Amino acid sequence: MHTNTVGPARSEFAGAATLVEVFVAKLRELGVSDAFGVMGGAIAPFFKALHAGGIRAIHTRHEAGASFAAIEASLATQRPVVVFTTAGPGIANAVTGMLAARAEGAHVIFVSASTSLAHRGRVATQETTPHTMLGAGLYAPGGPLHMATVVDHPQQLGPTIAQLASGLRRANGFVAHVSLPIATQTAPVDVPPIIPTRTRSSVSVEMAAEHASLLDEGRFAIWLGFGARHASESVRLLAERTGARVFCSPRAKGIFPEDHPLFIGVTGLGGHVEVEAELQRSRPEYTLVLGTRMGESTSFWSSELAPSKAFIHVDLEPQAFSAAYPEVATIGVVADIDAYVRALLPRLAQKNDTRAELGRPRASLTPRPNGAVRPQLLMQEIQAVYIDRGDAWLMAESGNSFCWSTHLLRFNEPGRYRVSTNFGSMGHATSSVVGAALARKKKAVALVGDGAMMMMNELHTAVQYGVDATWIVLNDACYLMCAQGMQMMGWEPFSCELPPVDFVGLAKAIGAKGIRVDRETDVREALESAARVTGPVVVDVRIDRAEVPPSGRRNRSLMQQGFAAARK
């Protein structure tokens with residue numbers, strides 16, 4: 001995580017500095033350049049300090065949207081990002097995003113307002129204390145976030161900043177909540193220093209030699225997760241040196257080139273059944289697991305994905321080991337993935353006889369002149385316009401959008417495709433596309449369903465700030481994944497139909513550009529037109545509801561967890 005070691009001098013403050021002025025200056029030292037949120041009376045002093053202190057404050061339409069935008073801005077830049085909210089409902093609205101930030105491995109500092117000590121228990125407007133808001137877990141250690149504290153006294157600022165500085169060094173993400181009572185925000189305070197801390201991580205020569213010996217014994221495969229995104233080059237060298245087959249989680253698409261002959265596909269939600277078939281045809285003795293916890297959305301706990309001897313699992317979090325597959329022998333390694341792989345490389349034998357063409361061939365569809373658009377055809381055209389011929393960042397929304405895109409889109413570099421399969425909150429992509437576009441200073445594209453787009457979006461924020469973001473809406477007037485799941489469980493779908501929405505009209509009413517697509521023959525031209533737009537644009541695509549997405553494993557997993565019994 002990036003931190004800036006040069007901070008503002010005490011003399012930059014005219015007269016006595018307030019706590020929020022100093023806090024903002026220290027946030028800049030910690031590498032913060034952007035903040036997303038919604039202002040309210042209780043957080044007004046902090047909001048003003050952001051503007052005066054040189055941190056760009058993006059004023060969104062909803063606190064959850066601010067949180068999702070901050071997540072992707074952090075992941076895109078590898079810098080900490082601030083989310084700010086007022087007291088009461090502002091905090092509650094942001095909690096979903098904070099839980100998503102932890103699940104996604106982002107570095108987010110959540111700054112909220114709370115009721116001052118003198119007014120607690122007196123029925124203050126939007127009274128906010130650990131007793132009135134979700135319990136102590138959001139305000140003290142031991143809750144769902146990595147760090148939580150209430151700064152009731154100015155002298156607490158120094159220790160709070162020190163904790164933030166320490167936490168931001170976590171490579172796997174860090175989410176902190178700092179609650180600022182109204183009176184404390186404007187209290188005078190001295191400027192605490194940030195004392196730099198240096199850490200080292202290394203992989204022992206003995207361990208690298210031992211693991212190389214195990215992997216050289218026979219067949220092994222590589223299972224990549226999102227945690228390996230900074231080790232793309234070393235992983236490719238490892239696979240090419242050994243001939244190991246490579247597969248990945250949905251969030252890890254692109255870390256290893258998907259057109260590489262050693263890549264066999266994606267596991268989990270929207271993944272490829274060919275992966276399991278290939279591993280059963282030639283089962284690996286060891287599987288080197290790099291940066292994935294192999295949870296339900298990545299594996300569905302399939303025994304076909306397990307090696308015959310053991311997982312060698314590399315992660316910075318030891319609690320990841322044996323969590324998803326307790327029945328499979330696991331050799332756990334707490335280490336930086338890139339450092340581990342680079343220590344392993346020179347100790348592995350070069351194998352030149354295993355470069356079989358294992359990659360999956362691409363299908364090609366011909367646009368049909370009539371009828372609604374097949375999602376498969378839409379993904380084919382997105383691949384051509386935005387991926388093969390461009391450098392746009394894409395995120396797929398929860399639901400059929402990320403099933404189709406994970407299954408059909410192909411990426412050959414990390415950092416261009418994002419899905420949130422673990423937390424999977426609707427509204428993540430419809431909002432986060434704004435944060436990604438602002439942070440990357442390049443075009444960002446969200447593939448979303450009409451239900452998610454109506455649940456929440458930050459299209460109006462994109463118009464206000466001139467953000468180069470595109471929403472491609474899979475418009476089927478239905479919560480279609482829910483309806484299809486009901487059908488799979490033998491139910492007649494109910495309460496899934498949605499009133500049709502004209503997203504072109506909605507976009508234009510807000511001030512964005514809108515493009516409507518009714519036929520497959522119009523898809524390529526519409527996408528190319530949207531790609532030429534600099535600024536917010538919505539592409540409203542009428543989707544063929546008859547096409548069944550590759551989400552069956554998710555439904556079967558739900559049935560195995562208890563839905564099957566409910567059917568009887």
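For Ala100, the conditions (1) assigned to a loop (DSSP other than H, G, I, E, B); (2) under 18 Å from Ser398 (Cβ atoms) all hold with the exception of (1).
Selection within the range 403-414: residues that are within 13 Å of Ile382 (Cβ to Cβ) and outside any loop (DSSP other than H, G, I, E, B). The member of this set that is farthest from the chain's Cα centre (by Cα) is Leu408. Determine, yes or no, whether Leu474 is buried (at least 24 other Cβ atoms within 10 Å of the Cβ), over 24 Å from His59 (Cα atoms) and of a type in the set (A, V, I, L, M, F, W, C). Against the criterion (buried (at least 24 other Cβ atoms within 10 Å of the Cβ), over 24 Å from His59 (Cα atoms) and of a type in the set (A, V, I, L, M, F, W, C)), Leu474 qualifies. If you take the residues in the range 20-32 that are in contact with a Leu (Cβ under 9 Å, 6 or more places away or on another chain) and either touching a residue at least 40 places away in the same chain (Cβ under 8 Å) or within 12 Å of Val434 (Cα to Cα) (or both), which one is surrounded by the fewest Cβ atoms within 10 Å (Cβ to Cβ)? For the range 20-32, the residue satisfying everything is Gly31. Selection of the range 88-105 for residues being in contact with a Pro (Cβ under 9 Å, 6 or more places away or on another chain) and either in contact (Cβ under 8 Å) with a residue 60 or more places away in the chain or not assigned by TED's automatic domain parsing to the domain that holds Thr132 (or both) yields Met98, Leu99, Arg102. Considering each residue of the range 59-91, count those that are surrounded by fewer than 24 Cβ atoms within 10 Å (Cβ to Cβ), closer than 21 Å to Gly31 by Cβ and touching an Asp or Glu at 6+ places or on another chain (Cβ under 9 Å), and give that number. The number of residues fulfilling the criteria is 2.
The values are calculated or read from the model by the stated rules, or taken from the named source; none is laboratory data. All values reported here derive from a predicted model rather than from experimental measurement. Methodologically, a virtual Cβ is constructed for each residue, glycine included, from the backbone with ideal geometry; neighbour enumeration extends over all protein chains shown.
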